[in-house]
Amino acid sequence: DGGITQSPKYLFRKEGQNVTLSCEQNLNHDAMYWYRQDPGQGLRLIYYSQIVNDFQKGDIAEGYSVSREKKESFPLTVTSAQKNPTAFYLCASRDKGQAPNNSPLHFGNGTRLTVT
Amino acid sequence: GQQLNQSPQSMFIQEGEDVSMNCTSSSIFNTWLWYKQEPGEGPVLLIALYKAGELTSNGRLTAQFGITRKDSFLNISASIPSDVGIYFCAGQPSLQYSGTYKYIFGTGTRLKVLA
């Protein structure tokens, strides 16, 4: 089945450690996104990539880094510089091949990161 | 970052009742999306709207793209217990105003259905 796979589902880390969240899609989508979700809030955009080897900062990029070496993969690294890393992280993708301004986002099932 | 105003924040309803929720923005949008999210899962796309005035149904769900292009509505008819979850709207601002293809999300409507 085509879809977006995020792994792991749950991740625990000690404060001060970097951690990388995986996102893989087999939908052949050009654009990929990382969102952060906190209780009672909407989704906030961390980084996005519209094409391989290119990415842009979203609204809350500080303390995060990404890479886009392959079309199907968009890993997110939560660095020790992120002040409040505990959150639910969602990866999404969209098809940019058609009219890029009206293709919906498709989401993975998320990774819950807990940093203590 | 910009967020949409989504209301209500939460609602308790009796099984069989109809539900309405909406999202509003101060800027013009060219796409509206509605998602449902269940605990511990990612949002699932329910309905996508692409034209002002468009009315689209998906089973018991109906959504409309506001004629002003600044709002959207989602209605659920004859609610059932499995409708429980958080419903999010997402809008894509008109490119000429935003300069990007980024979606903006509402804060969600938490729906609880009482059997």
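The values are calculated or read from the model by the stated rules, or taken from the named source; none is laboratory data. Not measured: the values here are computed from a predicted model. Note: ideal-geometry Cβ built from the backbone for every residue, glycine included; neighbour counts use all protein chains shown.
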When residues of region B:61-73 are limited to those that are closer than 22 Å to B:GLU15 by Cα and aliphatic (A, V, I, L, M), the one surrounded by the most Cβ atoms within 10 Å (Cβ to Cβ):
B:ALA63
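Out of the strands (runs of 3 or more DSSP E) lying entirely within region B:1-60, which hold 1 or more residues that are surrounded by 15 or more Cβ atoms within 10 Å (Cβ to Cβ) and charged (D, E, K, R)? It would help to see each step written out before you state the result.
Values: elements: B:5-7, B:10-14, B:19-24, B:29-37, B:44-49, B:55-58.
Qualifying strands (runs of 3 or more DSSP E): B:29-37.
Any chance you could count how many residues in region B:80-111 are more than 16 Å from the chain's Cα centre (by Cα) and at pLDDT 90 or above? First the steps, then the outcome.
Initially, region B:80-111 is screened for residues more than 16 Å from the chain's Cα centre (by Cα), giving B:80-82, B:94-102.
From the residues that got through so far, the ones that are at pLDDT 90 or above too are B:80-82.
Residues that pass the stated criteria total 3.
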Within region B:31-46, can you find the residues that are at the interface with chain A (Cβ under 7 Å from one of its Cβ atoms) and within 20 Å of B:GLY66 (Cβ to Cβ)?
B:THR31, B:LEU33, B:LEU45
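Out of the residues in region A:29-45 that are more than 12 Å from the chain's Cα centre (by Cα) and more than 8 Å from chain B (Cβ to nearest Cβ), which is surrounded by the most Cβ atoms within 10 Å (Cβ to Cβ)?
Applying the first criterion (more than 12 Å from the chain's Cα centre (by Cα)) to region A:29-45 yields A:29-30, A:38-42.
From the residues that got through so far, the ones that are more than 8 Å from chain B (Cβ to nearest Cβ) too are A:29-30, A:38-39.
Details: A:HIS29: 20, A:ASP30: 17, A:ASP38: 12, A:PRO39: 6.
Of everything passing the filter in region A:29-45, A:HIS29 is surrounded by the most Cβ atoms within 10 Å (Cβ to Cβ).
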Away from every other protein chain (no Cβ under 14 Å) and either in contact (Cβ under 8 Å) with a residue 40 or more places away in the chain or of a type in the set (A, V, I, L, M) (or both), is that true of B:ALA90?
no
Is at least one residue of region A:46-56 within 12 Å of another protein chain (Cβ to nearest Cβ), exposed (fewer than 14 other Cβ atoms within 10 Å of the Cβ) and not aliphatic (A, V, I, L, M)?
yes
Quick one: in region A:10-28, of everything that is of a type outside the set (A, V, I, L, M, F, W, C) and within 13 Å of the chain's Cα centre (by Cα), which residue is surrounded by the fewest Cβ atoms within 10 Å (Cβ to Cβ)?
A:THR20
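Out of curiosity, is A:ASN109 farther than 25 Å from B:PHE29 by Cα and either within 14 Å of chain B (Cβ to nearest Cβ) or surrounded by 21 or more Cβ atoms within 10 Å (Cβ to Cβ) (or both)?
Values: farther than 25 Å from B:PHE29 by Cα: yes; either within 14 Å of chain B (Cβ to nearest Cβ) or surrounded by 21 or more Cβ atoms within 10 Å (Cβ to Cβ) (or both): yes.
When the stated conditions are applied, A:ASN109 passes them.
Do we find a residue being of a type outside the set (A, V, I, L, M, F, W, C) and assigned to a loop (DSSP other than H, G, I, E, B) anywhere in region B:83-94? Reasoning before the result, please.
Keep residues of region B:83-94 that are of a type outside the set (A, V, I, L, M, F, W, C), which gives B:83, B:85, B:87, B:91-94.
From what is left, the residues that are assigned to a loop (DSSP other than H, G, I, E, B) are B:94.
Yes, that holds for at least one residue.
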